[in-house]
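Below: one structure, written as structure tokens.
The values are calculated or read from the model by the stated rules, or taken from the named source; none is laboratory data. It should be emphasised that the depicted structure is a prediction, and the values quoted were computed from it without experimental measurement. No Cβ is skipped: glycine too gets one built from the backbone with ideal geometry, and neighbour counts run over all protein chains shown. In case anyone asks, the SASA skips ligands and DNA or RNA and just uses the protein heavy atoms, side chains included. Shrake-Rupley method; radii C 1.70, N 1.55, O 1.52, S 1.80 Å.
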Amino acid sequence: MKRICVDMDEVMADALSEHLRRYNTHYGERVTRDDLEGKLLWDVVSSDRHHVIESQMRSEDFFEVLEVMPESQRVMQRLQMNYEVYIATAAMEVPTSFEQKFRWLGKYFPFIPPSHIVYCGDKGILRADYLIDDNPRQLRRFHGEGILFSSPHNLRMKGFRRVKDWLEVEKLFLG
């Protein structure tokens with residue numbers, strides 16, 4: 001059976017909307033997803049505000065309140081019928097996120113067993129046939145086929161097979 005690893009943030013969980021909500025509320029601004037085409041939030045805001053974005057992401061509740069990406073739950077359940085499915089999240093980049101991410105996955109994806117959740121930094125260590133991720137850096141290091149999940153920051157990136165949403169993931173892997 002082929003193995004698929006799936007990133008969490010910006011693939012299963014809508015972290016960007018929460019970043020924007022918190023940043024805009026804190027500063028009274030209106031930064032939008034459209035403002036971030038080809039850029040990260042850190043690239044758009046002034047460097048003296050980076051510490052606020054960082055502290056918001058490291059807060060006690062950031063990862064637990066993320067919205068689920070549309071159709072991801074249904075498609076993930078379907079994928080499990082034909083593939084070994086693992087969650088691979090680069091949680092080492094935000095070590096305070098481990099418990100929050102675990103609780104979030106238990107709440108929204110209870111059908112994924114804990115033994116299929118991988119916390120890592122460099123996803124090049126993963127042994128799988130496919131990795132679905134929004135981060136081109138992770139896909140470059142991965143030894144199987146990287147599938148780029150569209151997010152504003154990667155819209156200009158080329159060189160990977162791309163899916164824009166979970167309906168396209170479903171079509172790609174399940175026909």
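Counting protein heavy atoms only, the range 1-47 has 46 percent of its accessible area on carbon and sulfur, 1.4 angstrom probe. When every Cα-Cα distance of the chain is counted in 5 angstrom steps from zero, the calculated P(r) takes the values 1, 8, 17, 21, 22, 16, 9, 4, 1, 0 percent. Scalar couplings 3J(HN,Hα) for the range 114-125, obtained by applying the Karplus form with A = 6.51, B = -1.76, C = 1.60 to θ = phi - 60°, are x, 5, 10, 10, 10, 9, 8, x, 9, 7, x, 7 Hz; x denotes Gly and Pro.
Accessible surface area normalised per residue over the chain is 52 Å², counting heavy atoms of protein chains with a 1.4 Å rolling probe. Computed per residue of the chain from DSSP H runs no shorter than four, each worth -39500 (n - 2.57), the mean residue ellipticity at 222 nm is -9500 deg cm²/dmol.
As an exercise, take the mean of 1/r over every pair of distinct alpha carbons in the range 99-175, invert it, and state the Kirkwood radius in angstroms.
Numbers: mean 1/r = 0.0725 Å⁻¹.
Hydrodynamic radius (Kirkwood, Cα only) of the range 99-175 equals 13.8 Å.
Positive-end ranking of M8, Y130, H26 along the dipole of the chain, with charges on Cβ about the Cα centre, is headed by Y130. In the range 130-175, the portion of solvent-accessible area held by carbon and sulfur atoms comes to 48 percent [1.4 Å probe, whole percent, DNA, RNA and ligands not counted]. Residues whose amide H comes within less than 5 Å of that of I87, counting only those at least five positions distant or on another chain, are V6, I117, V118 (H built at 1.01 Å from N in the peptide plane).
The three principal axes of the C-alpha atoms in the range 1-105 carry coordinate ranges of 49, 28, 19 Å, sorted with the longest axis first.
If you take every DSSP beta bridge fully contained in the chain, what fraction is antiparallel? Give it as a percent rounded to 5.
On the way: 2 of 20 bridges.
Among the beta bridges of the chain, antiparallel pairing accounts for roughly 10 percent.
The range 49-66 and the range 6-48 have their alpha-carbon centroids 11 Å apart. Counting only lysines at least 8 places from K39 when in the same chain, those with an alpha carbon closer than 23 Å to its own are K123, K158, K164.
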